[in-house]
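Following: one structure in structure tokens, then a few remarks.
The values are calculated or read from the model by the stated rules, or taken from the named source; none is laboratory data. Note that this is a predicted model, so its numbers are computed, not measured. Here the Cβ is made from the backbone with ideal geometry for all residues, glycine too, and neighbour counts use every protein chain on show.
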Amino acid sequence: MDWSAIFGGSGLTVLFSSAILLAMPTALAALGETVAERAGVLNLGLEGMMLSGAMGAFLGAYYTDSPVVGALCGVTVGVLVGALMAFLSVTLKTEQVINGIAIVLFAQGITAFLFEKLFGGSEQPTIPDIPDLKIPLLGDIPGVGKVLFDQNALLYASGVIAVGVWLLLMRTRFGLSIRAVGESPQAADAAAVNVSRIRWRALLICGGMAGLGGTVLVIGNLNLFQPNVTAGRGWVAIALVIFGRWNPLLVFGGTFLFGFTDALQVQVRAVSGGTSTDVPYELFQALPYLITLAVLVIATVFARRSAQPSALGIPFRKEASR
Amino acid sequence: MRRARLRAPVAGLSVIAVVVVVLSACGSSGGDGTTASGASTGAGTTASSSEKAVKMALVLPCGSSDPWCNQGYNAAQKLKSEGAVDLRVTTSAPQDTAGASQVIRQYAQSGEDLVIAYSTWPDATNPVGEKFPDVNFATFGIKPTKNVALFDEPIYQGAYLAGMLAGGITKSNVISGAAGQDVPLCHAEMQAFEAGAKRTNPKVKQLTTYLGDWNDVAKSQQAINGQISQGSDVVLACGGAQANGMIQAIKQHNVSGFGYVSDQSSSAPKNIVGTVIYDPYPYLKKMAEDTTAGTFQPAKTYSFGLKEGGVKLQLNPQYSAAEIPPKVKTEMEKVQQEIMDGSFEVPYVPTGNGS
């Protein structure tokens, strides 16, 4: 096995580009989930939001031939599913775990159904490619330039939005309210913070980010939709939020660690691949999960205190109403 | 607020109930608008277009525009339009054993004569077959049972011919294959592709990746990108998501590839050399005939190779002819003839290296 093919100059470029493409959708969804969970809502519907967003993006781009319209549709659909989750979990205060799972099942069913109704029996429909945008000067830096500054416009936008979400959550008054509502809704309520409103907004942001994740997957990467196209990325994102200890920067970094390991195992198998599979490929496939799990365990052991928002998963009811 | 608290669980439950109802409707779709909701659509329905038509149900593991499912779907529709079968279709059925088994069972319960489980689903089909001895089933697998017949998987024969062309087309002497899982169908296809390529070009090296997932287009695309970065310039896919990922990757890097199961030329007219087409039509037709005649049981493996029209290599007329050396093409056609008249047999290697 020729390791220089993977870790040599051009190999590394392929590896990192691949890692970014594989990680970005998950990273965006994971950031959205961080916002929701910091507000105290355990949103297990993330996979459904991503999938719906992916479908919205595809349909938008397919019918208008415009990736921009597609991207807007994707995010909008994500926000709408976020609103559904918020209505169930915040307004109706029903069990969050069940709401989330129901949303995933619902989204998987409805997207497959719609796709079948619209395109059933015909050939795989596709949407136009969006060209890579090379940033002058920066894109010419050897190695790094190709990886970071010669990608499609949607990936740049995603990067900017990711930073925006971090700023929003950690550096603004609104972000403070979100975190307060997740830690101690009673205290926040006493300080005249409208808990329900904050949680609603957090879930809308979460839905939008998950929708954007689905959008990034479909537009500018795959250029097509198929049932279950997100392939479990939403669930991985939820795990990565825990891995990142509800800290947006760690979550974002963790997602890229996961994406890198995933790209690495794919690349290792592509390079080493004879037709025989002497080393079971299932083992390689498990690699990203194993490494992430190991880091998770180590992080938890060394952490001095639990980072989990105290009110996570608990619907808020005003004491005064009793 | 008290009223709201009382109302909440009820509302939540009703939402879930609605979701479940919608889902059970979504699990099945397709042109026929049929449902898989079992006993309720039961045996009493007499919507048959002709008295003799076999009541056939088709359970697909993917949407009907997926390359794999598209062929099964269209073959069944063709049979239906000929009046040979009454057709009910479930698309995007759960791929896991328990989930698939449930859909298959519901069709068996609702009085179908012939249930086609169109995936490698012996574990899901055989137990249902035991429970419904009068219903005929068909799936992909290793060994037929009393009433569960099998499709054979002659795709490797077409892949061998594709490999012969690939050996001539490649300039780097590196070709590659990406498959969803290491199942016999894909394994044999990959092995035959390599064997065919080595026949026309002994220097060829093949990179093969088994993704471990039938759905993940993005990862398939990255795997194929990786192979291309290792010099591969002719790619073969096995699996719907893999084929979709391949189309994107070969277009992006402008290399060649072979389509999977249903003709993919139009998705990448400049890059697709041809498609290894698998056509289940002769299988379904024979199975329906045997069901009518009462000769389906004891079930057997239905076999339609290159000669019988179950598989073929369909070349893409838009692919630049200059890329395929005429000598290689002639040799491929010669071998194709040899396979048809039985003087040459493509080695079938469903596991391991075959040596």
**Complete:** Among the residues of the range B:302-355, the number that are small (Gly, Ala, Ser), more than 14 Å from every other protein chain (Cβ to nearest Cβ) and touching a residue at least 40 places away in the same chain (Cβ under 8 Å) is 4
**Message:** Checking A:ALA153 against (1) more than 30 Å from B:SER262 (Cβ to Cβ); (2) surrounded by fewer than 20 Cβ atoms within 10 Å (Cβ to Cβ); (3) out of contact with any strand residue (DSSP E or B) (no Cβ under 6 Å at 6 or more places or on another chain): exactly one of these is not met. Which one?
**Reply:** (3)
**Item:** Condition met for A:LEU155 (modelled with pLDDT under 95, more than 13 Å from chain B (Cβ to nearest Cβ) and under 18 Å from the mean Cα position of the chain (by Cα))
**Value:** yes
**Request:** Identify, from the list A:THR111, A:THR94, A:THR34, A:THR64, the residue that is in contact with a Ser or Thr (Cβ under 7 Å, 6 or more places away or on another chain) and either free of Cβ contacts under 8 Å to residues at least 40 places away in the same chain or polar (S, T, N, Q) (or both).
**Result:** A:THR111
**Request:** State which residue is nearest to A:ILE127 (Cα to Cα) when the search covers only the range B:252-275 and only residues that are assigned to a helix (DSSP H, G or I) and in contact with a helix residue (DSSP H, G or I) (Cβ under 8 Å, 6 or more places away or on another chain).
**Result:** B:SER267
**Item:** Criterion (more than 23 Å from B:LYS198 (Cβ to Cβ) and in contact with a helix residue (DSSP H, G or I) (Cβ under 8 Å, 6 or more places away or on another chain)) met by exactly one of B:ALA293, B:ALA299, B:ALA288
**Value:** B:ALA288
**Prompt:** Quick check, is B:GLN297 among the polar types (S, T, N, Q) and either in a loop (DSSP other than H, G, I, E, B) or touching a residue at least 60 places away in the same chain (Cβ under 8 Å) (or both)?
**Reply:** yes
**Prompt:** Any residue at all in the range B:245-263 that is hydrophobic (A, V, I, L, M, F, W, C), buried (at least 24 other Cβ atoms within 10 Å of the Cβ) and within 7 Å of another protein chain (Cβ to nearest Cβ)?
**Reply:** no
**Fill in**
Per the filter on the range B:301-355, residues hydrophobic (A, V, I, L, M, F, W, C), touching a strand residue (DSSP E or B) at 6+ places or on another chain (Cβ under 8 Å) and part of a loop (DSSP other than H, G, I, E, B) are B:PHE304, B:LEU306, B:ILE324
**Matching helices (runs of 4 or more DSSP H) fully within the range B:134-236 where at least 1 residues are among the charged types (D, E, K, R)** = B:184-200, B:217-229
**Message:** Suppose the filter is surrounded by fewer than 19 Cβ atoms within 10 Å (Cβ to Cβ) and at pLDDT 95 or above; does B:GLU308 pass it?
**Reply:** no
**Complete:** Expected single match for closer than 27 Å to B:GLU331 by Cβ, touching a Phe, Trp or Tyr at 6+ places or on another chain (Cβ under 7 Å) and buried (at least 21 other Cβ atoms within 10 Å of the Cβ) among B:ALA178, B:ALA159, B:ALA100, B:ALA197 is B:ALA159
**Request:** Considering only the range B:104-120, state which residues are outside any helix (DSSP H, G or I) and farther than 19 Å from B:TRP68 by Cα.
**Result:** B:SER110, B:GLY111, B:GLU112, B:ASP113, B:LEU114
**Request:** Would you check which residues across the range B:243-266 are in contact with a strand residue (DSSP E or B) (Cβ under 6 Å, 6 or more places away or on another chain) and at positive phi and list them?
**Result:** B:VAL261
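A quick yes/no check of all residues on (1) in a loop (DSSP other than H, G, I, E, B); (2) at pLDDT below 90; (3) of a type in the set (Asp, Glu); (4) surrounded by 21 or more Cβ atoms within 10 Å (Cβ to Cβ):
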residue: B:GLY31; (1), (2), (3), (4): yes, yes, no, no
residue: B:THR45; (1), (2), (3), (4): yes, yes, no, no
residue: B:SER48; (1), (2), (3), (4): yes, yes, no, no
residue: B:MET56; (1), (2), (3), (4): no, no, no, yes
residue: B:LYS78; (1), (2), (3), (4): no, no, no, no
**Request:** Evaluate the following for A:GLY120: is it more than 30 Å from B:HIS253 (Cα to Cα) and within 13 Å of another protein chain (Cβ to nearest Cβ)?
**Result:** no
**Request:** Would you be able to tell me the number of residues in the range B:203-223 that are among the hydrophobic types (A, V, I, L, M, F, W, C) and at the interface with chain A (Cβ under 7 Å from one of its Cβ atoms)?
**Result:** 4
**Asked** Does B:GLY168 meet the test of being within 12 Å of chain A (Cβ to nearest Cβ) and over 27 Å from B:GLY129 (Cα atoms)?
**Response** no
**Message:** It is to be established whether one or more residues within the range A:140-151 are more than 18 Å from A:LEU204 (Cβ to Cβ), modelled with pLDDT under 90, within 24 Å of the chain's Cα centre (by Cα) and assigned to a strand (DSSP E or B).
**Reply:** yes
**Filter result for A:GLY273 (surrounded by 21 or more Cβ atoms within 10 Å (Cβ to Cβ), touching a Leu at 6+ places or on another chain (Cβ under 7 Å), at pLDDT below 80 and within 28 Å of A:LEU217 (Cα to Cα))** = yes
**Prompt:** Can you name every residue in the range A:219-258 that is at the interface with chain B (Cβ under 10 Å from one of its Cβ atoms) and touching a residue at least 12 places away in the same chain (Cβ under 8 Å)?
**Reply:** A:ASN221, A:ASN223, A:LEU224, A:PHE225, A:GLN226, A:PRO227, A:ASN228, A:VAL229, A:THR230, A:GLY232, A:ARG233
**Message:** Just to be sure before I move on: is A:GLY143 of a type outside the set (A, V, I, L, M), surrounded by fewer than 23 Cβ atoms within 10 Å (Cβ to Cβ), in contact with a Ser or Thr (Cβ under 7 Å, 6 or more places away or on another chain) and away from chain B (no Cβ under 14 Å) in the structure I sent?
**Reply:** yes
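Residue-by-condition table, conditions (1) within 25 Å of A:VAL251 (Cβ to Cβ); (2) surrounded by fewer than 24 Cβ atoms within 10 Å (Cβ to Cβ):
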{"position": "A:SER10", "(1), (2)": "no, yes"}
{"position": "A:LEU15", "(1), (2)": "yes, yes"}
{"position": "A:ALA23", "(1), (2)": "yes, no"}
{"position": "A:GLU33", "(1), (2)": "yes, no"}
{"position": "A:LEU44", "(1), (2)": "yes, yes"}
{"position": "A:ALA57", "(1), (2)": "yes, no"}
